[in-house]
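Structure in structure tokens, see below.
Taken together, the values in this text are just the output of simple stated rules run on the coordinates, not laboratory data. As the structure is a prediction and not an experimental result, all values here were calculated from the model. Don't worry about glycine lacking a Cβ; one is built from the backbone with ideal geometry, like all the others, and counts go over all protein chains shown.
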Amino acid sequence: MEWGERYELGVARMDETHREFVDFCNELVAAAPEDFLPRFDAFIAHTAAHFAQEDRWMEAINFPVCHREEHARVLNAIREVRERVEKGDLFLGKRLLEELPPWFDNHVDTMDAALAFYIKKTNLSLD
Ligand SMILES: [Fe+2]
Ligand SMILES: [Fe+2]
């Protein structure tokens, strides 16, 4: 994945987290098989924090189209893949890495873009 303007939503904290997401994905793609699981765990920890951060913001502004459930769905799916990878199914981990970029593109363009718009409108000070 390549970071680009298309991902910038104009909320610095969010953009920073999304840039890290892209970096984590790229590191995972480049990881040697023996490094895959620890890097995958680091990616999952970052993604859990990324989603929790947005969930907090959505709650703070009483966001009308909260996408907390989408975050939970995706994180659960990723954690299930992680269990399978631990049991030796590295192929499934690689498959996930092919699916993440289109998911992320769509998520940023729709759900996160709407959230960023509201955050800017409400002048929420972000934690
Ligand atoms: Fe996000
Ligand atoms: Fe999101």
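Once R0 is set to 30 Å, what does the formula 1/(1 + (r/R0)^6) return for the Cβ-Cβ distance between ALA72 and ALA32, expressed as a FRET efficiency to the nearest 0.05? Can you show the working numbers first?
Working: r = 31 Å, r/R0 = 1.03.
Taking R0 as 30 Å, the efficiency between ALA72 and ALA32 is 0.45.
Further question: Relative contact order (percent) for segment 5-122, with alpha-carbon contacts under 8 angstrom and 6 or more residues of separation? Could you put the intermediate results ahead of the total?
Working: 65 pairs, mean separation 41.8, N = 118.
RCO, segment 5-122: 35 percent.
Also, quick follow-up: Roughly how compact is the chain, stated as its Cα Rg over 2.2 N^0.38 Å to two decimals?
Dividing the Cα radius of gyration by 2.2 N^0.38 Å gives 1.08.
Which Cα, out of LEU75, ASN62, ILE119, lies furthest along the positive dipole direction of segment 5-122 (beta carbon charges, K/R +1, D/E -1)?
The residue sitting farthest along the positive end of the dipole is ASN62.
Where in segment 1-40 are there GluC sites (Glu not before Pro) that are in a DSSP coil and have at most 11 other Cβ atoms within 10 angstrom of their Cβ?
GLU2
Using the Kyte-Doolittle scale, which helices in the chain average at least -1.0 and also have C-alpha atoms spread 20 Å or more along the helix axis, with helices defined as whole DSSP H runs?
The answer, listed by residue number, is 12-30, 33-60, 90-107.
How large are Rg and Dmax for segment 66-122 when calculated on the C-alpha trace, in angstrom?
14.3, 47
Let me ask something else about it. What spacing in nm lies between the two simple spin-label points modelled at LEU90 and ASP109, each 7 Å away from Cα in the Cβ direction?
3.3
If you take the beta carbon distance between ARG13 and ALA42 as r and set R0 to 25 Å, what does 1/(1 + (r/R0)^6) give as a FRET efficiency, to the nearest 0.05?
0.80
Please state the charge dipole magnitude for the chain, taken about the Cα centre, from unit charges on C-beta atoms (+1 on K and R, -1 on D and E), reported in debye and rounded to the nearest 20.
Numbers: 15 positive and 26 negative charges, 58 e Å.
Using only the charged Cβ atoms, the result is roughly 280 debye.
Give the calculated FRET efficiency between GLU59 and ARG79 to the nearest 0.05, with a Förster radius of 25 Å applied to their Cβ-Cβ distance.
With a Förster radius of 25 Å, E is 0.65.
Can you give the calculated 222 nm mean residue ellipticity of the chain, where each DSSP H run of n ≥ 4 adds -39,500 (n - 2.57) and the sum is split over every residue, rounded to the nearest 500 deg cm²/dmol?
-25000 deg cm²/dmol, from helical runs alone.
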